[in-house]
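Input: a single structure, listed below in structure tokens.
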Amino acid sequence: MPELPEVESTVRGLSPLIVGRKIVSVWSDAPKLIRSGTFADFKDNIRGRKVVSISRRAKNILIGLDGGYTLLIHLKMTGHLMVGRWSFLKDKGREIAKTDSSGAMSDKVNNYVHVIFVLDDGNMLALSDLRKFAKVSLGKTEELFYKEKLDQIGPEATDIPLLDFEKALKSSKRSIKQVLLDQEKIAGIGNIYSDDILWKARIHPLRPSISLTSTEIKAIYKAMREILNIAIKLRGTSISDYRDVRGEKGGYGPKRLVYRRDGEPCKRCGTPITKLKVGGRTARFCPSCQII
């Protein structure tokens, strides 16, 4: 699932390309991705609206439109947004979108386009999503924020002050891995970056969060800020389906510390990286450097 760095990179990439543009029309071959009424109503309500802003809240992309509307897109497991141009072709009786570009856009992972917003400059904003789990929702801004429970999301991992971070960790008896993944505690972190953060801070993923010392919490906080900022600078991780707005891979994948490095030697001590289940999620760690 795209996490804070991938979503932030998407927002930063989209901003100069779509802010100020009008949405001329919308196409989809998977209307179930639209979560705000019927697809026909969605098209009618968004057509002609101007994009006035774009921002991120946790893993949600918020596209502000004129008239007090917001378009919310959550990429879920395998979604990513791109700007380019596509043609609509008939294939076995159904209409599909095919890119007009070569290079990165022709990468197979970019060819699961299921929603396209046609813009007034001829470009298109496309949602590619292999598993069709993404969510697209439109509504009046205040109503949408309430419906999507954005007020229940915790402070952003890149912005939370150390004191608030320590309070969040000290208030839970769950494992530190689970707390870092809890979006009501700290927003934006998922499996990739929680594993790398805990490895860098030398904290075992099963450590009860409440048991952490102030020194250990500071180490986690420092690692969190460093890793997330590096990942944003490198435009995220693309070892799976995520791609940036030009259809290109992010650069953090080769920099991963432990995520999906099972069996590889620890970058600090050489011990093979192992994994375990924590609250239904997989955690990777070094059994020598991260002692519970």
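Read the figures in this text as sums done on the coordinates, not as results from a lab. The structure displayed is predicted, hence computed values, not measured ones. Here Cβ is always computed from backbone atoms with ideal geometry, including for glycine, and neighbour counts include all displayed protein chains.
Other residues lying with their Cβ under 11 Å from the Cβ of G79 contribute a combined charge of +3, Lys and Arg counting +1, Asp and Glu -1. Summing +1 for each Lys or Arg and -1 for each Asp or Glu among the other residues whose beta-carbon sits under 15 angstrom from that of L119 gives +3.
Ranked by how many other Cβ atoms sit within 10 Å of their own Cβ, fewest first, the residues S128, S238 fall in the order S238, S128. Give me S171, S240 sorted ascending by neighbouring Cβ count inside 10 Å, so fewest comes first. Fewest-to-most Cβ neighbours within 10 Å comes out as S171, S240. With a cut-off of 13 Å between beta carbons, the residues surrounding R246 carry a summed charge of +2, where Lys and Arg count +1 and Asp and Glu -1. The tail of the calculated P(r) for the chain beyond 30 Å holds 35 percent of all Cα-Cα pairs. Eigenvalues of the alpha-carbon gyration tensor of region 4-152, scaled by 5 and square-rooted, set the equivalent ellipsoid semi-axes at 23, 17, 16 angstrom, largest first. Dividing the C-alpha radius of gyration of region 162-285 by 2.2 N^0.38 Å, with N its residue count, gives 1.05. The trypsin sites (Lys or Arg not before Pro) of region 83-163 meeting both criteria, a DSSP state outside H, G, I, E and B (loop) and at most 11 other C-beta atoms within 10 angstrom of the site's C-beta, are K92, R131, K149.
For region 1-62, the average shadow cast by the Cα convex hull is 4.8 nm², which is a quarter of the hull's surface.
Restricting the chymotrypsin sites (Phe, Trp or Tyr not before Pro) of region 134-175 to loop positions (DSSP other than H, G, I, E, B) with no more than 16 neighbouring Cβ atoms within 10 Å leaves nothing.
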